[in-house]
1. For the stretch 1-56, which residues satisfy the criterion of being outside the structural domain of Pro180 (by TED's automatic domain parsing) and β-branched (Val, Ile, Thr)?
2. Quick one: Arg82 ticks every box in (1) surrounded by 15 or more Cβ atoms within 10 Å (Cβ to Cβ); (2) part of a helix (DSSP H, G or I); (3) of a type in the set (D, E, K, R) except a single one, so which number is it?
3. Scan the stretch 143-163 residue by residue and report those that are surrounded by 13 or more Cβ atoms within 10 Å (Cβ to Cβ) and not polar (S, T, N, Q).
4. Across the stretch 165-182, what is the total count of residues that are surrounded by 12 or more Cβ atoms within 10 Å (Cβ to Cβ) and either out of contact with any strand residue (DSSP E or B) (no Cβ under 8 Å at 6 or more places or on another chain) or of a type in the set (Lys, Arg) (or both)?
5. Using the structure shown, decide if Arg203 is closer than 30 Å to Val27 by Cα and basic (Lys, Arg).
6. Go through Pro180, Pro186 for me and flag whichever is in contact with an Asp or Glu (Cβ under 6 Å, 6 or more places away or on another chain) and assigned by TED's automatic domain parsing to the domain that holds Ile22.
7. Output the residues belonging to the stretch 163-195 that are of a type in the set (Phe, Trp, Tyr) and farther than 18 Å from Gly15 by Cβ.
8. Which residue out of Glu73, Glu109, Glu89 is in a loop (DSSP other than H, G, I, E, B), exposed (fewer than 11 other Cβ atoms within 10 Å of the Cβ) and among the acidic types (Asp, Glu)?
Amino acid sequence: MKQKSKNIILIAIIGLIIIAGITVISVWGFNKELRYSESKKIEIYVEQQVDVELVKSIADEVLGMHNMVQTIEIYRDMVTIRAIDITEEQRNTIINKLKENYEFEQTAEETDIVIVPVTRIRDMYKQYIMPFVISAILVVAYTLVIYYKKGILKVLRNVILIPIIAELLLLSWMAIVRFPIGRITPVFIILVYIASVWYAMNRIEK
């Protein structure tokens, strides 16, 4: 009876976390890394090789720490600075500070502030979807072959339902705590999937 009560409490907690995650996603969406969020950028042709660390220090001073600095030409003589928001005053300050270190013709007035649209989730991870689906199908097929004597429905219920719940928990947690969705997210998804399949197989064996 105690074990049954614990299971009910665990299921209730899992359900509440998932519902809370779905609510947060519906209202605010995921918190994406800057490179995938709607943002603004400026591109500056410095006409000579750029010291990225120097430019980054200027960007941090003017825009705060949450920004990206990249060179976008083969000769590293053009730099792009990207942040959630860049005002005209901030753009002017950045250009002026750069001119203290480099001699170039581009002026603040000639530097457009470009709006970068948000990247959709499916576009962020479309290259991972097919390999992940194929791997999941192979895992299910392998498990059915190995544990067919345990009952097909029991095997399917564990090896499909448990990973789905685990992934929903992961995504709900990321949404609730506003963990940035980005380049390392597939690593978390794969690790959680492996752990959940291992747990499901142990349940089937018992």
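The values are calculated or read from the model by the stated rules, or taken from the named source; none is laboratory data. None of the values given here were measured: they were computed from a predicted structure. Neighbour counts are summed over all protein chains in view; Cβ atoms, including those assigned to glycine, are modelled from backbone coordinates with ideal geometry.
1. Ile42, Ile44, Val46, Val50, Val52, Val55
2. Result: Arg82 fails condition (2) only.
3. Within the stretch 143-163, the first condition is being surrounded by 13 or more Cβ atoms within 10 Å (Cβ to Cβ), and the residues that meet it are 143-144, 146-147, 150, 155-160, 162-163.
Selection gives Leu144, Ile146, Tyr147, Lys150, Val155, Leu156, Arg157, Val159, Ile160, Ile162, Pro163.
4. Residues that pass the stated criteria total 12.
5. no
6. None of the other options fit; the residue is Pro180.
7. Of everything in the stretch 163-195, those that are of a type in the set (Phe, Trp, Tyr) and farther than 18 Å from Gly15 by Cβ turn out to be Phe179, Phe188, Tyr193.
8. None of the other options fit; the residue is Glu109.
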